[in-house]
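> Structure incoming, see below.
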Amino acid sequence: MKNNQPVTGFPFVPHVDQSKKPLIDNPAEFLKTVYGPGYHSALHSMLSSGFYKYMGYCYDFRPYLKNYLYKQYGSWHEVYAPNKTLLRTAIHGRIEKIIEVKQ
């Protein structure tokens, strides 16, 4: 992860208070909870897009994530994850290969 600065939420629906900018203070710890063992409701959106949506606000975690391709059960999937270890923890089943996509 590049740095540990707070991630600011931006409103994506018109009925939330537009003046508030809620923060996630420690993005590294938040990403460990999302990609860690067990189920987290934000895991699918974080894997597919790198965004976390919560109560009308959208948080962009892409500066803290890397883009990976992984092969599982004969098919390839493109996802965002902080590192390979947390990716393996979040994906259930046997992963044959993981490749980091350079951008």
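The values are calculated or read from the model by the stated rules, or taken from the named source; none is laboratory data. For clarity, every value in this text was computed on a predicted model and none was experimentally measured. Quick reminder, even Gly has a Cβ in these numbers, built from the backbone with ideal geometry, and neighbours come from all protein chains shown.
> Which one of these does Pro63 not meet: (1) within 20 Å of Lys102 (Cα to Cα); (2) of a type outside the set (Val, Ile, Thr); (3) touching a strand residue (DSSP E or B) at 6+ places or on another chain (Cβ under 8 Å)?
(3) is the only condition that Pro63 fails.
> So in the stretch 47-61, with the set limited to residues that are exposed (fewer than 14 other Cβ atoms within 10 Å of the Cβ) and not aromatic (Phe, Trp, Tyr), which one is nearest to the chain's Cα centre (by Cα)?
The extreme case among them is Ser48.
> Suppose the filter is within 10 Å of the chain's Cα centre (by Cα) and loosely packed, with under 12 Cβ neighbours inside 10 Å; does His15 pass it?
For His15, the condition - within 10 Å of the chain's Cα centre (by Cα) and loosely packed, with under 12 Cβ neighbours inside 10 Å - is not met.
> Next question. Say we look at the stretch 15-59 and pick out the residues that are at pLDDT below 90 and charged (D, E, K, R); which of these is farthest from Gln5 (Cα to Cα)?
Asp17
> Now for a separate question. For residues that are of a type in the set (Gly, Ala, Ser) and over 15 Å from Thr89 (Cα atoms), tally how many sit in the stretch 1-40. So that I can check it myself, show each step before the final result.
Pass one, the stretch 1-40, residues of a type in the set (Gly, Ala, Ser): 9, 19, 28, 36, 38.
Next, only the ones that are over 15 Å from Thr89 (Cα atoms) stay: 9, 19, 28.
Qualifying residue count for the region: 3.
> Restricting to the stretch 31-46, what's the tally of residues that are buried (at least 19 other Cβ atoms within 10 Å of the Cβ) and aromatic (Phe, Trp, Tyr)? Outline the logic, then answer.
To start, the set of residues in the stretch 31-46 that are buried (at least 19 other Cβ atoms within 10 Å of the Cβ) comprises 31, 34-35, 46.
Imposing the further condition that a residue be aromatic (Phe, Trp, Tyr) reduces the set to 35.
Matching residues across the stretch 31-46 total 1.
> Hey, another quick one. Applying the selection to the stretch 78-103, what residues are of a type in the set (Val, Ile, Thr), surrounded by 15 or more Cβ atoms within 10 Å (Cβ to Cβ) and touching a strand residue (DSSP E or B) at 6+ places or on another chain (Cβ under 6 Å)?
Val79, Ile95, Ile98
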